[in-house]
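For reference, the structure is listed below as structure tokens.
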Amino acid sequence: MKRNETVVAVYDTHQAAEAAVKELQQAGYDMRKLSIVGADYEVEEKVLGFYTTGERMKTWGGIGAFWGGIWGLLLGSAMFMLPGIGPLLLAGPVVSALVGALEGAVVVGGVSALGAALVSMGVPEHDALRYEVELKAGKFLLMAHGTPTELERARQTLNQAALA
């Protein structure tokens, strides 16, 4: 992906992130161009395991229904334990970007492999650092990738959903 081809929205809960994904889906946004990253530290039940079948992933634990639904919609899914950040669940194109950053031992400034993946997807470095802090606080990142026209449509849909 080229720089500046990603729009990022931060959500406090997985319910809010899921609602945003549904808004984009209803607006006709290409689900293959969405990524989500999160770790839900506030749930009492923890994810106990996962497995993949093709492009679908199943989970057990408190947020299994959320992630199962998201993984059914978005392309690619993974769970990583990242030093300094902890366990993260990811779905969408961000998975490939993170794997590329890990394989290439990419380091950008003071950011982690996740930060390097975000930077490689067009997120400014200072924003990538801020998003890492948001994830550590248990928030969720929803990222739309695409052309400037697609991203403007995603921005409008997300802004309208936030106002509703």
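Sum up the charges of everything whose Cβ sits under 10 Å from the Cβ of residue 84, counting Lys and Arg as +1 and Asp and Glu as -1, but leave residue 84 out. Before the final figure, lay out each step's value.
Numbers: positive: 136; negative: 132.
Summing Lys/Arg as +1 and Asp/Glu as -1 gives 0.
When Lys and Arg each count +1 and Asp and Glu each count -1, what net charge do the other residues less than 12 Å away from residue 132, Cβ to Cβ, add up to?
Overall, the nearby charge balance is 0.
None of the figures in this text is laboratory data; all of them are computed from the coordinates on show. Predicted model, so just to flag it, every value in this text is computed and none were measured. Please note: Cβ atoms are built from the backbone with ideal geometry, for glycine as well, and neighbour counts cover all protein chains shown.
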